[in-house]
Structures are given as C-alpha cells and as structure tokens.
Amino acid sequence: AIVLNQSPSSIIASQGEKVTITCRASSSISSNYLHWYQQKPGAFPKLVIYSTSYRASGVPSRFSGSGSGTSYSFTISRVEAEDVATYYCQQGSSNHYTFGAGTKLELK
Amino acid sequence: QIQLVQSGPELKKPGESVKISCKASGYTFTDYAMHWVKQAPGKGLKWMGWINTYTGKPTYADDFKGRFVFSLEASASTANLQISNLKNEDTATYFCARHNYGSYGYFDYWGQGVMVTVSS
C-alpha cells in the first residue's frame, strides 16, 4: 500500500498567519487521487480539498492545495479560529486507500 | 438531503462480536461505494476497506482481514460492519464514508461515527 508521510505533526499558528502542510507519498500517484480532510474534535472528517487542488463545496478560498507525483501541500492562507482541527491527506489511487498521520493545528 | 446515519455506541467484552450499521438516504445507494474507517482514541484515521454496493464484493485492508466483515442490506440502503472476537485494541470510533465510483476516491459524505468500547 502507498504510505503517506505528512508533516509537520502539529502546528501552532497565530490568527491571520499562513500555514502549509506537506504530504509525501511512498510512490508516485496521479494528482487526481490526492485529497485533504479537516476533522474537528468530536466530529467526523470533512472533505476540504479533492484531487489536489479543488475546493469542496462551501470551503472558503483561504484553503488551497497543490502538488504532483509524490509531493503535495495544503495551505491555509490566513488562519482563522474556526480552522483549529486536525488535517489529513488521503490517497485513493490504488485499490487500497491510505491516510496520512494527520497534522494538528492549534492557535497561539 | 444526503445522510449517512450510523447506529449507536456499543460496549462489549473481549471475545464478543458487534455489528454496526450505516443507513444511507438522499441518494441512490448503489451509485456509491461504502468505505469503513477506524479511529482509535486520540489517533489518526485508518482505512479499513470498502464494499461495492452494486455487487456486494468487499475489499479489506491487510490489517482488517479475518475478524472484520462488510455486508449490505441493499433493500434498506444500509451497509454493515461486523467485528468478531473483539479485542481491547478494537476500541475505536468507526466511520462509514461514501465514494462515487466515477470519482477519484475521495469521501464526500461521512457517517457520524460509532464508538465501540471493548472492556472486561
């Protein structure tokens, strides 16, 4: 199975700051198959970005994604208080899907 | 509206079995695969596998072969996860999530999760 190495494991940011999370795949995947989720405490995960760079319905424009091959990134251009959550990358390119280990975003 | 509604929390003893349900509504059940995702307390998301809602064929991740069974009650638009011979390490929240067969493997709707606690 494709392993997704996500970093950092945690981020402490100030409101208005830009944050970037990286997801590296153990083998190359098509950018169509790399996705990002947001999970707030006690809630189910929510799709934020699909196919590397497309925002899911209702997702604010401060969220963006990019990448190709084995290296992908997820960016929040200006962090807001409501963005406190854990973020996960996920690949759906093989018959066996995988998630990254998650990045916990906290506010300073 | 589209919903995946899961059954309630479970408290079980080691060695027992549990069956969790995920009832879909608001869309054509057989147009979307149903996946299962485990989240142990304080841990990340772990993909368990999926079931083809059209054929009923399950696919299991390596760590979930043997004691885990995915099944369908297609007439009721419901997917089920059964875990037998429960172990303490099965204590977790279990989510169902759908994925459109024509899409690129992302989960656009999730169930609310079921907390399964295994304790003697």
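The values are calculated or read from the model by the stated rules, or taken from the named source; none is laboratory data. The structure presented is a predicted model; accordingly, all values stated were derived computationally and were not measured. Every residue, glycine as well, gets a Cβ built from its backbone with ideal geometry; the counts of neighbours run over all protein chains shown. The protein model used for the area step is the full one, side chains on, heavy atoms only, and it has no ligands, DNA or RNA in it. Shrake-Rupley method; radii C 1.70, N 1.55, O 1.52, S 1.80 Å.
Here's the list of aspartates and glutamates a cross-link from A:K104 could span, going by alpha-carbon distance under 16 Å and ignoring same-chain residues fewer than 8 apart: A:E17, A:E80, A:E82, A:D83. Shielding value for B:107-113 is 5, the average number of Cβ atoms from other chains within 10 Å of each residue's Cβ.
For peptide A:15-28, the mean count of partner chain Cβ atoms within 10 Å of a residue's Cβ comes to 0. Charge dipole of chain B (Cα centre as origin; +1 on each Lys and Arg Cβ, -1 on each Asp and Glu Cβ, all else neutral): 200 debye, rounded to the nearest 20.
For peptide B:42-48, what's the mean number of Cβ atoms from other chains within 10 Å of each residue's Cβ? Please list the in-between numbers first.
Values: counts 0, 2, 11, 11, 2, 8, 1.
Going residue by residue through B:42-48 and averaging, the value is 5.
Assuming charge only on the beta carbon of Lys and Arg (+1) and of Asp and Glu (-1), the dipole of chain A about its Cα centre is about 60 debye to the nearest 20.
Note on A:L4: accessible area is roughly 10 Å² with a 1.4 Å probe, heavy atoms of protein only.
Straight-line reach from B:K38: taking Cα to Cα under 13 Å and skipping same-chain neighbours fewer than 8 places apart, the aspartates and glutamates in range are B:D63, B:E89, B:D90.
Solvent exposure of A:R24, expressed as accessible area, is near 130 Å², computed with a probe of 1.4 Å over the protein chains only. For segment B:10-38 versus segment A:2-51, the spacing of their alpha-carbon centroids is 25 Å.
Would you list A:Y72, A:Y50 from the most to the least accessible area, probe 1.4 Å? Before the final figure, lay out the partial values.
Working: A:Y72 5, A:Y50 65 Å².
Ranking A:Y72, A:Y50 by accessible area, largest first, yields A:Y50, A:Y72.
Of B:M48, B:M115, the order by accessible heavy-atom surface (1.4 Å probe, DNA, RNA and ligands excluded), from most exposed downward, is B:M115, B:M48.
Using a simple charge model, +1 on the beta-carbon of Lys and Arg, -1 on the beta-carbon of Asp and Glu, nothing else, what dipole does the protein assembly as shown show about its Cα centre, in debye to the nearest 20? Display every interim value, and only then the final one.
Working: 21 positive and 14 negative charges, 33 e Å.
Rounded to the nearest 20 debye, it is 160 debye.
Per-residue 3J(HN,Hα) values for segment A:12-26, derived from phi via the Karplus relation 6.51 cos²θ - 1.76 cosθ + 1.60 with θ = phi - 60°, read 10, 10, 8, 4, x, 7, 8, 10, 10, 10, 10, 10, 10, 8, 6 Hz in sequence order (x marks Gly and Pro).
Measuring r between the beta carbons of B:Q82 and A:K104 and using R0 = 41 Å, the FRET efficiency lands at 0.80. Take B:57-63, B:31-37 and order them by the average number of nearby Cβ atoms within 10 Å per residue, most first; the result is B:31-37, B:57-63. Per residue, the accessible area of chain A comes to 46 Å², computed with a 1.4 Å probe over protein heavy atoms only. If you wrap the Cα atoms of the protein assembly as shown in a convex hull and average its projected area over all directions, you get 12.1 nm². A convex hull fitted to the Cα coordinates of chain B yields 99 cubic angstrom per residue.
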